[in-house]
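For reference, the structure discussed in these notes is given below.
The values are calculated or read from the model by the stated rules, or taken from the named source; none is laboratory data. No experiment lies behind these values; they were computed from the predicted model shown. We place every Cβ from the backbone using ideal geometry, glycine too, and count neighbours over all the protein chains shown. To get the accessible areas, we keep the full protein, side chains included, count just its heavy atoms, and leave off ligands, DNA and RNA. Shrake-Rupley method; radii C 1.70, N 1.55, O 1.52, S 1.80 Å.
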Amino acid sequence: MAKKYIDVMDTTFRDGFQSVFGGRVLMEDFFPALEAAKEAGIRHFEFGGGARFQSLFFYLNENAFDMMDRFRAIVGPDANLQTLARGVNTVMLDTGSREMVDLHAKMFKKHGTTTIRNFDALNDVENLKYSGERIAHHGLKHEIVVTMMDLPPGCVGAHDVAFYEKTLREILDSGIPYDSICFKDASGTSSPHKIHETIKMARRLVPEGTHLRLHTHETAGVSVAAYLAALDAGVDGIDMAAAPVSGGTSQPDILTMLHATKGMNYDLGGLELEKILKYEEVLGDCLSDYFMPPEATQVSPLIPFSPMPGGALTANTQMMRDNNMLDRYPEVIHAMREVVERGGYGTSVTPVSQFYFQQALNNALLGPWKKIAPGYGKMVLGYFGKTPVEPDPMVVTIAQEQLKLEPTTDHAIDIADRDETKSIAYWTQKLSDEGIEATDENIFIAASCDVKGIAFLKGEATINVRKNSPKTAESKQQTLKQENFTMANGTYTVIVDGQQYNVQIVDGNANVQSVSVAAPVAAPVAAPVAAPVAAAPVANANAICAELPGSVFKLVAAVGDSVNAGDKIMILEAMKMEIDVVAPRNGKVTSINVNVNDKIEAGQVLAVVE
């Protein structure tokens, strides 16, 4: 009897990189491993989308569309190249208009994509209708998604088999065109038994021959058991990654799953142990000089209580490292449980997982519910769609008061269509004002990455990767000179023995400046929530101080401007949040103490209004 063929998607170059390195891997560094993967017989790759779209512009000074083109050239025309999209959000953290949703599908088709896996973190099927239609319209395969997780103990009302059946029935009844169905657990928290029963339910419900897949992470330590349960229930495809970006916060390792299914009636993609072993050796060599965050390789017993998805965990801890606040991570994870419990049970996957983390960060640093993170607040107020259950009324009231927004039941895409800043015309004019050609690609880059997208297109982006170097003092300088910095000018950040080096590259010449920081710290598994740390007293009572560490995103006011209480002075960026700094009183701006892109610390004086 022939073994059942199971389609394997290699997530190494998208979700693997995102889960382990926060997406910060340069394409010239990984292309040799891609060649090795092709030689190993892999024909289905996740190669872009999700957070690996914005991260190329934010951190790598690389064009995601160029990377996709070069990826396709390496693997050939017949490979199934898949990207990840977030329904009405596409590859953005905010919602997109119908124009932008259509442009996303058009551009991803143009740049080599075969299949788009399309999900909504709230499992609001309304958010999948137009995006699914446009994906099919542009000739792409559409893999529609039901998102999964386990809720913290004591929570009921969603994320059980009945809830997934209800969501799947809505998808099937909606008429959304699709080619396959994926059950996606980005936090890896769903119990194997629930996965088994969910896949069995789906197999009974969908038309015969429908391709069903499972995606999970090892974050909670049950991914292999989950895949075995799904295989037993009749799944047709699973996702895996190659070492060193497998396991931990990422997908199960290819070799591990080949071993786990020995003697069973499954053929995992026709893959062979020896060929995969060689591929993983090449990949390990390609990534050997990248700093491996300790938390990226760990399994956390706290994750089922505070479901932080692998793809977001290291991205957030890397940002906390950048802002010298990684020591607060245990408090944030502890605070996340309540944030999930009160937020309406949206699945912990981007963008909702980022909203959860941002709100937990605020609760840990500033005090419980003292400051509503904009994304979290808009979510509980309905601006991203309908949450699986009603959010806590107290949190809704606080969000309404702080954000000055009314709750809504309007569809998220209709709200986005009414926002002119989400139109093609707006971004076309924005590019024209900056002297940038308004190609379809440039419009989408600017719309999805905003100020950082404009900076990239103007040649002003910097590079922020974390690499290790040899330990001897003599070899440090030599390695920094020889590092692969020839692909672009810009600013690199590398870690050497716990020391951070800012490396500015101009025409191949490196200027190294050393800045002392704490050595990388592994995230502890538990810690009590500490009281918020008060900022040091400020001599000038009229000074406006930063509540969180971060960087200056945009200056709105200038010295000499008259402002009213609540007027914006500047916008900060912290942990993917845009934070408005507003005037606390009527008066005149007498001092602006920072510049755009400056790193700032909590308590630092930003401006003075007198």
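Note that the stretch 243-332 presents 35 Å² accessible area per residue, ligands and nucleic acids not counted, probe 1.4 Å. Taking θ as phi - 60° and the Karplus parameters 6.51, -1.76 and 1.60, the scalar couplings of the stretch 379-392 work out to 5, 5, 8, x, 7, 10, x, 8, 6, x, 10, 5, x, 4 Hz in sequence order, x denoting glycine and proline. Taking square-rooted eigenvalues a ≥ b ≥ c of the alpha carbon gyration tensor, is the stretch 1-159 rounded, prolate or oblate, where a/c under 1.5 means rounded and, failing that, a/b exceeding b/c means prolate? In terms of gyration-tensor shape, rounded.
A simple rule links phi to the HN-Hα coupling: the Karplus curve 6.51 cos²θ - 1.76 cosθ + 1.60 with θ = phi - 60°, which for the stretch 245-258 gives 9, 10, x, x, 6, 9, 6, x, 6, 4, 4, 4, 6, 4 Hz, with x for Gly and Pro. Counting only heavy atoms of the protein chains and using a 1.4 Å probe, Cys286 has close to 20 Å² of accessible surface. Extension gain for the segment Gln402 to Asp433, taken as residue separation times 0.36 nm less the Cα-Cα distance, is 7.8 nm to one decimal. The packing ranking of peptides 101-107, 11-17, highest mean first, is 11-17, 101-107, where packing means the average number of other beta carbon atoms within 10 angstrom of each residue.
For the residue pairs Lys141/Lys200; Lys38/Lys278; Lys109/Lys422; Lys194/Lys262, the alpha carbons lie more than 19 Å apart in Lys141/Lys200; Lys109/Lys422; Lys194/Lys262. For the stretch 445-460, 3J(HN,Hα) computed residue by residue from phi via the Karplus equation (6.51, -1.76, 1.60; θ = phi - 60°) reads 4, 5, 5, 8, 10, 6, 4, 5, x, 4, 4, 4, 5, 8, x, 10 Hz, glycine and proline entered as x. Mean sequence separation of contacting Cα pairs (under 8 Å, at least six apart), scaled by the length of the chain, corresponds to a relative contact order of 14 percent. Apply 1/(1 + (r/R0)^6) to the Cβ-Cβ distance of Val206 and Leu273, taking R0 = 30 Å, and write down the FRET efficiency to the nearest 0.05. For Val206 and Leu273, the calculated efficiency is 0.35. When the helices of the chain are scored as -39500 (n - 2.57) per DSSP H run of n ≥ 4 and the total is divided over every residue, the value at 222 nm lands at -11000 deg cm²/dmol.
Backbone amide hydrogens, once placed in the peptide plane, bring Tyr5 within less than 5 Å of Asp267, excluding anything fewer than 5 places away on its chain. Using the charge dipole of the chain (Lys, Arg: +1 at Cβ; Asp, Glu: -1 at Cβ; taken about the Cα centre), state which of Gly269, Asn593, His196 has its Cα farthest towards the positive end. Going by the Cα projections, it comes out as His196. Would the stretch 296-356 count as rounded, prolate or oblate if I go by the C-alpha gyration tensor, calling it rounded below 1.5 in a/c and otherwise prolate when a/b exceeds b/c, oblate otherwise? Since a/c reaches 1.5 and a/b is larger than b/c, the shape of the stretch 296-356 is classed as prolate.
When peptides 142-148, 205-211, 398-404, 380-386 are sorted by average Cβ neighbour count within 10 Å, with the highest value leading, the order is 142-148, 380-386, 398-404, 205-211.
What's the carbon and sulfur percent of the stretch 324-438's accessible surface, probe 1.4 angstrom, rounded to a whole number? Its accessible area is 49 percent carbon and sulfur atoms.
Among 88-100, 326-338, the peptide with the highest mean count of other Cβ atoms within 10 Å heads the list, and the full ranking is 88-100, 326-338. Does the stretch 285-440 come out rounded, prolate or oblate by the C-alpha gyration tensor, with a ≥ b ≥ c the root eigenvalues, rounded set by a/c under 1.5 and, if not, prolate when a/b is larger than b/c and oblate if not? Because a/c hits 1.5 or more and a/b fails to exceed b/c, the stretch 285-440 counts as oblate.
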